[in-house]
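Taking it in order: structure first as structure tokens, then the write-up.
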Amino acid sequence: MKLYDSRLAPNPRRVRWFMAEKGVEDIEIVLVDFMKGEHKTTEYRAEVGLPVAPALILDDGTAITESLAICRYLEHFYPEPNLLGRDPKETAIIEMWTRRAELLLANPLMLGVRHGHPALAALETQVPEVSQNNIQGAEKALKLFERRLSESEFIGADRLTMADIVAIASLDFARIIRFQVPETAPNVKRWLDAMRARPAAKAGM
Ligand SMILES: N[C@@H](CCC(=O)N[C@@H](CS)C(=O)NCC(=O)O)C(=O)O
């Protein structure tokens, strides 16, 4: 197996963080430099199918190019610690929060950065209003996460799960546009500090 990875990008970091929590060290990591367009070469597209990372290439050549699908595959082979749910109810709740983290935080913050940071102009036709609207959307969504984290130490369950990894990878990425969790969300701040203090936080950086 081989994982195409890219430094600082939020979706590859989800996978690296997930692997670090499980202590997975026996997968070859191949770094792709987006700024040099290494993911857009004919060879990369032929192998991966899309100009994106992360991509997990299985020994039979199958390419898995969605971070959550890659993590689902890895969970099967590296089951501990469990990060996707141990029973139907827990799995459903973790998935519910993972999807909320992705749709309400990660996607808007990604658009906020891509349309708002000059360094990303090489990858995006930037529209400043798209950045502003999406940042406002993420700020609004933080209220939901604040409520959840006022009742629970973690987002998806009573332990760290995929939902936390998706949320932290996006909030960390948004630091490059100086996105900050507001003082009105003290539980998100408490959770953020705890996430950043984990050894796995260094993975993929
Ligand atoms: N939904 C996919 C998204 C993959 C994706 O868009 N990755 C970004 C990096 S975070 C990428 O490859 N960007 C390259 C580009 O925009 O040219 C996933 O979760 O893996």
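The values are calculated or read from the model by the stated rules, or taken from the named source; none is laboratory data. Since the model is a prediction, treat every value here as computed from it, not as a measurement. A quick note on method: Cβ atoms are made from the backbone with ideal geometry, for glycine too, and the neighbour counts reach across all protein chains shown.
For the reader, a short list of remarks on this structure follows.
- Per-region count, region 105-153, residues within 21 Å of ILE177 (Cα to Cα), acidic (Asp, Glu) and not in a helix (DSSP H, G or I): 1
Residue-by-condition table, conditions (1) more than 12 Å from the ligand (Cβ to nearest atom); (2) over 21 Å from LEU111 (Cβ atoms); (3) not charged (D, E, K, R):
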| position | (1), (2), (3) |
| --- | --- |
| ILE29 | yes, yes, yes |
| VAL32 | no, yes, yes |
| ALA46 | yes, yes, yes |
| LEU50 | no, no, yes |
| ASP59 | yes, yes, no |
| ILE64 | no, yes, yes |
| LEU68 | no, no, yes |
| GLU75 | yes, yes, no |
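- Among (1) outside the structural domain of ALA163 (by TED's automatic domain parsing); (2) farther than 23 Å from LYS202 by Cβ, the one test that ASN107 misses: (1)
Let's see how each residue does on (1) surrounded by fewer than 22 Cβ atoms within 10 Å (Cβ to Cβ); (2) among the acidic types (Asp, Glu); (3) not in a loop (DSSP other than H, G, I, E, B):
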{"position": "ILE155", "(1), (2), (3)": "no, no, no"}
{"position": "ASP164", "(1), (2), (3)": "no, yes, yes"}
{"position": "ALA167", "(1), (2), (3)": "no, no, yes"}
{"position": "LEU171", "(1), (2), (3)": "no, no, yes"}
{"position": "ARG175", "(1), (2), (3)": "yes, no, yes"}
{"position": "PHE179", "(1), (2), (3)": "yes, no, no"}
{"position": "LYS189", "(1), (2), (3)": "yes, no, yes"}
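- Cβ-Cβ distances below 6 Å connect the following pairs, each with a first residue in region 3-23 that is away from the ligand (no atom under 13 Å from the Cβ), a second residue that is outside any helix (DSSP H, G or I) and among the hydroxyl-bearing types (Ser, Thr, Tyr), and a separation of six or more residues or different chains: LYS22/TYR78.
- Within region 136-148, residues that are more than 15 Å from MET110 (Cβ to Cβ) have Cβ atoms under 8 Å from residues that are of a type in the set (S, T, N, Q) and part of a helix (DSSP H, G or I) in these pairs: GLU146/ASN187, counting only partners at least 6 apart in sequence or on another chain.
- Of residues in region 77-104 being in contact (Cβ under 8 Å) with a residue 60 or more places away in the chain and within 30 Å of LYS36 (Cα to Cα), the one nearest to the ligand (Cβ to nearest atom): GLU102
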